[in-house]
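Single-structure report; data block below.
Computed from the coordinates by the stated procedures, all read-outs in this text should not be read as laboratory data. Values in this document were obtained by computation on a predicted structure and should not be read as measured data. Cβ: placed from backbone, ideal geometry, glycine included. Neighbour counts: every protein chain shown.
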Amino acid sequence: MIPCYNEIENVEAMADAVREMLKKDLSSYDYEIVFIDNASTDGTREKLEEICAKDKKIKAIFNVTNFGQFNSPFHGLCQTTGDCTVTLCCDFQDPVELVPQLVAEWEKGHRIVSCIKTKSRENPLIYLFRSIYYKMIKNMSDVKMIEHFTGFGLYDRSFIKLLRELDDPIPFLRGIVAEYGGGFNMKEMTYVQPKRRAGKTHNNFYSLYDAAMLSFTSYTKVGLRLATFLGFFTSAVSFVIAIVYFILKLLHWKSMSMGMAPVMIGVFLLGGIQIFFIGLIGEYILNINTRVIHRPVVVEERRINFDEAPDE
């Protein structure tokens, strides 16, 4: 299963690389290659139509609009029909040559094989920020999150069945794998992430922030607890200071005359803390609101080379 968005420079090469690998290393297996396109605008869809017309084993799903970096791959996984499914990014940052090793681990009984980056040839600063983020989420979450896991790996059909049954409008696959992977005899495999083969990454500050907030609000309580504890602490300190200030005023302690500076500093400090936590609580509310509205994970425009109707 290969999710893509504006990958016209990579999509045909990816299809060829996967077919070549399957014929060479996994020739005893039947297969399907499922592309799910997240409303590309650069000609990727036209290229997929050409590829699918030449090979009926290659299937394509076209989304009506861009449903984000998590919903589209999740929906694509749920539409696969094999005994197991391997996910690959279309930019070649998930090495195709690792697939036979994933299948070998699956044959040993591991129903999930998750691939963990030990090193990346991406921007070192971005990799550093990712490492800090993974450490924070791992320490804050009740679920033992998997560091440097992007979703690349192999999933048995029994796990795909679980994904279909979750009924989550904003699924976070990395968290789901971390939460339930132990029950599927999960195996971790390490790899070095290469650079993109061609084209530009579609990740930006907003998409990275969205990913961080989804995992933070879905798998941690620390934000709300921190708001409660810090709010209580600052309220208590403010109350004590107010009492002390009032007593000193009554005693006419002249040396305490410092003008409005302490008051202004206190107002700005408390105001900043309040605004920060109002925003943080807003992120939790946004997460809840999206789940309550419960829109479909993805709405399809059409399918190519699928015999059955789209899953409800």
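Highest average first, the peptides 104-112, 146-154 ordered by how many other beta carbon atoms sit within 10 Å of their residues are 146-154, 104-112.
Taking 16 Å as the straight-line reach from the Cα of K135, the aspartates and glutamates in range (excluding those fewer than 8 positions away in the same chain) are E147.
Note that the stretch 153-170 has calculated 3J(HN,Hα) couplings of x, 10, 10, 5, 4, 5, 6, 4, 4, 4, 4, 5, 8, 5, 6, 10, x, 10 Hz, one per residue in order, obtained from phi through the Karplus relation 6.51 cos²θ - 1.76 cosθ + 1.60 (θ = phi - 60°); glycine and proline are x.
Among the listed pairs K144/K187; K56/K195; K108/K187; K24/K195; K117/K144, which are separated by more than 19 Å between their Cα atoms?
Working: K144/K187 15 Å; K56/K195 30 Å; K108/K187 10 Å; K24/K195 24 Å; K117/K144 17 Å.
Pairs exceeding the cut-off: K56/K195; K24/K195.
Note that the stretch 59-75 has calculated 3J(HN,Hα) couplings of 10, 9, 10, 10, 7, 6, 7, 7, 9, x, 7, 10, 5, 5, x, 4, 5 Hz, one per residue in order, obtained from phi through the Karplus relation 6.51 cos²θ - 1.76 cosθ + 1.60 (θ = phi - 60°); glycine and proline are x.
Amide H to amide H, with H built 1.01 Å from N, D42 comes under 5 Å of N6, counting only residues 5 or more places away or on other chains. Karplus-derived 3J(HN,Hα) values for the stretch 84-99, using 6.51 cos²θ - 1.76 cosθ + 1.60 with θ = phi - 60°, are 8, 10, 10, 9, 9, 6, 6, 8, 6, 7, 9, x, 4, 5, 7, 4 Hz; glycine and proline are entered as x.
Amide H to amide H distances under 5 Å link I116 with M189, T190, Y191, where only residues 5 or more positions off or on other chains count and H is placed in the peptide plane.
Where does each of T41, T234 land when they are ranked from fewest to most other beta-carbon atoms within 10 angstrom? Can you show the working numbers first?
Numbers: T41 10, T234 15.
Exposure proxy ranking, most exposed first: T41, T234.
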